[in-house]
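Inspection log for the structure reproduced underneath, given as structure tokens.
The values are calculated or read from the model by the stated rules, or taken from the named source; none is laboratory data. Every value quoted in this text rests on a predicted model; they were computed, and no experiment measured them. Because the Cβ atoms are built from the backbone with ideal geometry, glycine has one as well, and the counts that use them run over all protein chains shown. SASA here: full protein model, heavy atoms, side chains in, ligands and nucleic acids out. Shrake-Rupley method; radii C 1.70, N 1.55, O 1.52, S 1.80 Å.
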Amino acid sequence: MKKFVSKLVLFAMVLALVCSCAYAETDSEYVKAKGTLVVGITVFQPMDYKNEAGEWLGFDADLAKAFAESLGVKAEFQEIEWNNKILELNGRNIDCVWNGMTLTSEVLASMACSKAYCNNAQVVIVPANVAEKFQSVESVKGLNFAVEHGSAGMEVAQANGFKTTNVQDQATALMEVASGTADAAIIDSLMAAAMVGKGTGYENLTYTVALNSEEYGVGFRKDSDLADKLNAFFDAKYNDGSIQKLAETYKIQAALIKQ
Amino acid sequence: MELIIKQMPVVINALNAGFVQTLKLFSITLLGAFPLGLLIAFGSISKITPISVITRLFIWIIRGTPLMIQLLIVYYFPGLVLHNPIWGGGESGRFTAAAIAFVVNYACYFSEIYRGGILSVPVGQQEAGLVLGMTKRQIFFHVTLLQMIKRIVPPISNEIITLVKDTALARIIALQEIIWAGQAFMKGSHGISGAIWPLFFTAFYYLIFNGIVTLALTKLEDKMNYFR
């Protein structure tokens, strides 16, 4: 028994030793060595989505491809479970989160983030037939909100003292409103523009009040040197006008942030 | 309604692609868990105490923790803690990690069903075999095994049908199985965004597939009636 215990302790010590070794090379060396920049995304029109041929495009996707090219590597897109984005990043399954990510306090604390490149707002979604009643922050105070767990929408709802139900993602929050299990939802304005109203599955929903204004950024592993490289890339591409042109392609030029 | 009919072909295509992943995970889990379960069953009824104790401890841990946590551990542990992301970020790595978690998890459940089947064969038959000069191996393969298989078909069927639906858990590590494919249309995929019905439509796939599985298992049970 004693022998067994001592072996167990030895095993634990070896494990601890293995765990404590950090990576020696910098993040950009690591990415260049393997030749790919794996971009963690979720489907989010107009930032990242697939065309009918199955290729990724969108404002974020196109920029990510160009950035990878500037590093001399290939961009690879990997869909992730949004709640696990920090696990995916730290576990080196992906190299960055580049998907219309709001720079929340949680994100800023756990990732090395680029400069903000795009403005966004959190907007209130309500059924279209009652939209008239809910055009101000005051008027929506008593509603039951569905918000994505861990999202910027949740932070804003808490700051306003709203009653919330936390659900898995923004799309589920919309479904809660459509099915009547929540009175309203809070989601990104860029997403709301693409997902509710005519021609979508949520024709009976609409968006009303904007609760805040916020910014999108790109997240890398903490201490990564790629965030600085991306900032320089943003500056260059803004100065030669190519970012502005790309924003017009995807109709988000109004939200673009000057670099 | 008109919108749904227009979206139907695109959605069916995407759901089929997701369902292929579901089916792949389902079949690999069965192929791996059937033999591994037998091995674990032998371990847990072993006369050698350390082997049976360790095996039972293992079964306790696997059956005692949620499959969802096991998926997260198998996929993220190597990269996060050992600093060696052996699976990589791509779809195939996610599939391998999911398959390993599923095979081990289901093997543990199967092993207990096997154990029940083995113990249900009267000990007198083994004694008779020994008297006739058969080896232990011969007794297991020629006397016990087929009787055991006949008896475990109903409980194993239960597990198999559960497995069809459990495959949906693999979406926690972003394996793009059919529910993931259905949900994608809520966010925007293949030019369709904000469509809710594809998610619910996936239920038909499970229902039809489980119908086929049930029929096949009933057939198997009928065949087994040969050994009364």
Helix B:91-120 vs. chain B, principal-axis angle (Cα, 0 to 90°, nearest 10): 30
Whether region B:14-94 is rounded, prolate or oblate, judged on the alpha carbon gyration tensor where a/c under 1.5 counts as rounded: oblate
Full-extension gain in nm, residue A:213 to residue A:83, via 0.36 nm per residue minus C-alpha separation: 44.6 nm
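With a 1.4 Å probe and every protein chain kept in, tell me what percent of the accessible surface of chain A is carbon plus sulfur.
Details: 6470 of 11870 Å².
Roughly 55 percent of what the probe reaches on chain A is carbon or sulfur.
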Proximal aspartates and glutamates relative to residue A:32, as straight alpha-carbon distance under 15 Å, when same-chain residues fewer than 8 apart are discounted: A:69, A:76, A:95, A:225
Rounded to 10°, Cα long-axis angle of helix A:2-20 versus longest principal axis of chain A: 60
Between 0 and 90°, nearest 10: helix B:178-187 axis offset from chain B longest Cα axis: 20
Spin-label zone in region A:57-86 - amide nitrogen under 16 Å from a point set 7 Å from the Cα of residue A:242 along the C-beta vector: A:58-75
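What does the charge add up to near residue A:226, with Lys and Arg as +1, Asp and Glu as -1, over the other residues with Cβ less than 11 Å from its Cβ? Display every interim value, and only then the final one.
Values: positive: A:32, A:221, A:229; negative: A:27, A:29, A:95, A:223, A:225, A:228.
Within the 11 Å Cβ shell, the charges total -3.
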Whichever lysines have a C-alpha closer than 24 Å to that of residue B:136, once near sequence neighbours (fewer than 8 apart) are set aside: B:47, B:150
GNM top mover of B:74, B:53, B:131 - chain B, alpha-carbon springs below 10 Å: B:131
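Among the listed pairs A:115/A:245; A:133/A:198; A:50/A:74; A:163/A:251, which have their C-alpha atoms separated by more than 28 angstrom in this model?
Pairs exceeding the cut-off: A:163/A:251.
Please compute the contact order of region B:2-226 in relative form: average sequence separation of alpha-carbon pairs under 8 Å and at least six residues apart, divided by the residue count, as a percent. Intermediate results must be reported in sequence, preceding the final value.
Working: 217 pairs, mean separation 61.4, N = 225.
27 percent.
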Per-residue mean of C-beta atoms belonging to partner chains within 10 Å, peptide B:193-202: 5
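Counting only helical runs of four or more DSSP H residues, what would the 222 nm mean residue ellipticity of the protein assembly as shown come to if each run contributes -39,500 (n - 2.57) and the total is spread over all its residues? Don't jump to the answer; show the numbers that get you there.
On the way: 19 runs with 274 residues, N = 487.
About -18500 deg cm²/dmol.
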Alpha-carbon centroids, region A:42-120 and region B:25-96: separation in whole Å: 32
Label point at residue A:222 placed 7 Å out along Cα→Cβ; residues across region B:58-101 whose backbone nitrogen lies under 15 Å: B:80-81
Hits among aspartates and glutamates - C-alpha to C-alpha of residue B:187 under 17 Å, sequence gap 8 or more where chains match: A:48, A:52, A:55, A:60, A:79, A:81, A:148, A:169, A:176, A:188, A:203, B:177
Bridge type composition, the protein assembly as shown - antiparallel percent by DSSP, nearest 5: 60
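Share of Cα-Cα pairs in chain A beyond 33 Å, in percent? Please list the in-between numbers first.
Working: 9719 of 33411 pairs.
Value for chain A: 29 percent of Cα pairs lie more than 33 Å apart.
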Among B:169, B:39, B:132, residue whose mean-square fluctuation peaks in a GNM of chain B (springs only between Cα atoms under 10 Å): B:132
Spin-label model distance (nm) - residue B:34 vs residue B:119, 7 Å beyond Cα toward Cβ: 2.5
Residue of A:135, A:45, A:122 that the Gaussian network model of chain A assigns the largest fluctuation, springs spanning Cα pairs under 10 Å: A:135
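How big is the A/B interface in buried accessible area, both sides summed, 1.4 Å probe, to the nearest 100 Å²?
Numbers: alone 13330 and 13110 Å², together 23500 Å².
Separately minus together, A and B give about 2900 Å² buried.
Not counting the cut sites, what is the longest span of chain B without chymotrypsin sites (Phe, Trp or Tyr not before Pro) that DSSP labels loop and that have at most 14 other Cβ atoms within 10 Å?
Here the longest run is B:1-225.
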Virtual paramagnetic centre 7 Å along Cα→Cβ of residue A:53, amide N under 12 Å, in region A:241-259: none
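What is region A:41-121 by shape, rounded, prolate or oblate, if you read a ≥ b ≥ c off the alpha carbon gyration tensor as root eigenvalues and call it rounded for a/c under 1.5, prolate for a/b larger than b/c, and oblate otherwise? Each step should come with its number before you reach the end.
Working: a/c = 1.42, a/b = 1.30, b/c = 1.09.
Verdict is rounded for region A:41-121.
Assign one of three labels to the protein assembly as shown, namely rounded, prolate or oblate, based on the Cα gyration tensor with a ≥ b ≥ c the square roots of its eigenvalues; rounded applies when a/c is under 1.5, prolate when it is not and a/b is larger than b/c, and oblate otherwise. Walk me through the numbers before you get to the answer.
Numbers: a/c = 2.44, a/b = 1.67, b/c = 1.46.
Taking the square roots of the gyration eigenvalues as a ≥ b ≥ c, the protein assembly as shown is prolate.
What is the gain in length, in nm to one decimal, between residue A:253 and residue A:108 on full extension, counting 0.36 nm per residue of separation less the C-alpha to C-alpha distance? Present the calculation step by step, with values, prior to reporting the outcome.
Working: separation 145, 0.36 × 145 = 52.20 nm, distance 2.48 nm.
Roughly 49.7 nm would be gained on extension.
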Shielding by partners - mean other protein chain Cβ count within 10 Å, residues of B:168-176: 3
